[in-house]
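Below is one structure; the comments refer to it alone.
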Amino acid sequence: MDTASIIAFGYVIASGLFIFGLKLLGSPATARKGNMISAVGMLIAVCVALLDQGIVDYTWIAGGMIAGGLIGAIAARVVAMTSMPEMVALFNGFGGAASLLVGWAALTPDSSTFTLITIVLSILIGGVTLTGSLVAYGKLSEVLGSGAVNFSGQQIVNSLVILGVVAGAVLFCMNPADPTFLYVVIGLALLFGVMAVIPIGGADMPVVISLLNSYSGLAACAAGFAINNNVLIVAGSLVGASGIILTQIMCKAMNRSLSNVLFSGFASVSNEVT
Amino acid sequence: MNGAEFLLFILMLSVFLGFELINKVPATLHTPLMSGANAISGITVVGAVALAGAGDPTTSKILGAAAVGLAMINVVGGYMVTDRMLGFFKKKEG
């Protein structure tokens, strides 16, 4: 078997283990085993990815892996049981940031329009996930105030940010050689993540983190399209879809609707006015 | 075989699978499930590895290495935190 087939085969096995692991995570008796199985899938995926023929230099990879692995392991060990949700938010933010960077690094002068669109999507979703998760972390850990932040004209500002993102994305796809629009999209995506989460109160943060978790999956999926990698697409969209369902279930458990949670801050403003 | 339409086909099937996998999850498992799924989203590390290991250009190498580091925090931290949470549940119940 040549290297390319080994890599492809490894990705198939990893995808299967992710699916099986997620399934087992859904019931109490098997949840811990499910997590192990999905971790084994990740190990296989990373090991075969290292066989890639395009890799000529392992120093940077080793540096990133050792630094990231150590930080993650230490953070997971020292965190108090009561601070788990904000730790998950923080990890999630880093995952989003990684997808943003992969999308950015995938940009080459001869990228096709389809690739450019997927690059923009991974930067956009990854950026929103990063800053959104950081704000969620800040609210839960009370580094930031846990209350909803509202100011007059907030909806106008948000609309302008969205318009700016769309305009920046279109201009970037039309002029991929000019990095200005790329930086505009990155900046506005980061800003949008903050704006989307600040109007939501601390008590609703678990639902928001679940939604952002879904986003980080979608960001990985978009990055998969940008670099033509199917295990990223499978794993990313699995997380994206199951994250949305989990968010719905969590909302139902709180007797709320998702839009009620997401727009609760704005609703309280209009209630005060009336 | 790796054309855009093939990738979109994979996307569609995975999305439906993701929807189907999660149903009737007891409330105690919400946070561990979220955390376990979050660890999977660190799969970006696989893409980052190829970019960080490419000979040039240097920009994409640096971005790739940073992405490897960030994604590894997500992967290693995510799986370990999930395992700790689930281990805690077992002890409490037993």
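The GNM of chain B, with springs linking C-alpha atoms under 10 angstrom apart, assigns the highest mean-square fluctuation among B:L70, B:L51, B:L11 to B:L11. Among complete DSSP H helices in chain A, those whose alpha-carbon atoms stretch at least 20 Å along the helix's long axis and whose mean Kyte-Doolittle hydropathy reaches 0.0 are A:3-25, A:31-49, A:59-78, A:84-105, A:113-140, A:154-174, A:179-197, A:205-227, A:230-253.
What FRET efficiency, computed as 1/(1 + (r/R0)^6) with R0 = 22 Å and r the Cβ-Cβ distance, is obtained for A:N260 and B:T28, rounded to the nearest 0.05? After rounding, the FRET efficiency stands at 0.40. With the Cα gyration tensor of chain B giving a ≥ b ≥ c as the square roots of its eigenvalues, does the rule (a/c under 1.5 for rounded; else a/b larger than b/c for prolate; else oblate) give rounded, prolate or oblate? Here chain B falls in the oblate category. Report note on the peptides A:159-170, A:228-239, B:78-89: ranked by the mean count of other C-beta atoms within 10 Å, highest first, their order is A:228-239, B:78-89, A:159-170. Let a ≥ b ≥ c be the square roots of the eigenvalues of the Cα gyration tensor of the range A:1-109; is it rounded (a/c under 1.5), or, if not, prolate (a/b larger than b/c) or oblate? The shape class here is oblate. For helix B:78-93, what angle does its Cα long axis make with the longest principal axis of chain B, in degrees from 0 to 90 and rounded to 10? Around 10 degrees separate the two axes. For the protein assembly as shown, the square roots a ≥ b ≥ c of the C-alpha gyration tensor eigenvalues yield an a/c of 1.5 or more together with a/b not exceeding b/c, which makes the shape oblate. Only one residue of B:G55, A:Y215, A:M87 has its Cα farthest out toward the positive end of the dipole of the protein assembly as shown, where Lys and Arg carry +1 and Asp and Glu -1 on Cβ, and that residue is A:M87.
Estimated at 0.36 nm per residue, the fully extended path between A:L50 and A:A62 surpasses their Cα-Cα distance by 3.3 nm.
A Förster radius of 35 Å combined with the Cβ-Cβ distance from A:V143 to A:M1 puts the calculated FRET efficiency at roughly 0.10. For the segment A:77-88, counting C-beta atoms of other chains within 10 Å of every residue's C-beta and taking the mean gives 4.
Each value in this text was obtained by applying a stated rule to the coordinates, not by laboratory testing. The model shown is predicted, which means the values in this text are computed figures rather than measured ones. Counting neighbours? That spans all protein chains shown, and the Cβs are built from the backbone with ideal geometry, glycine included.
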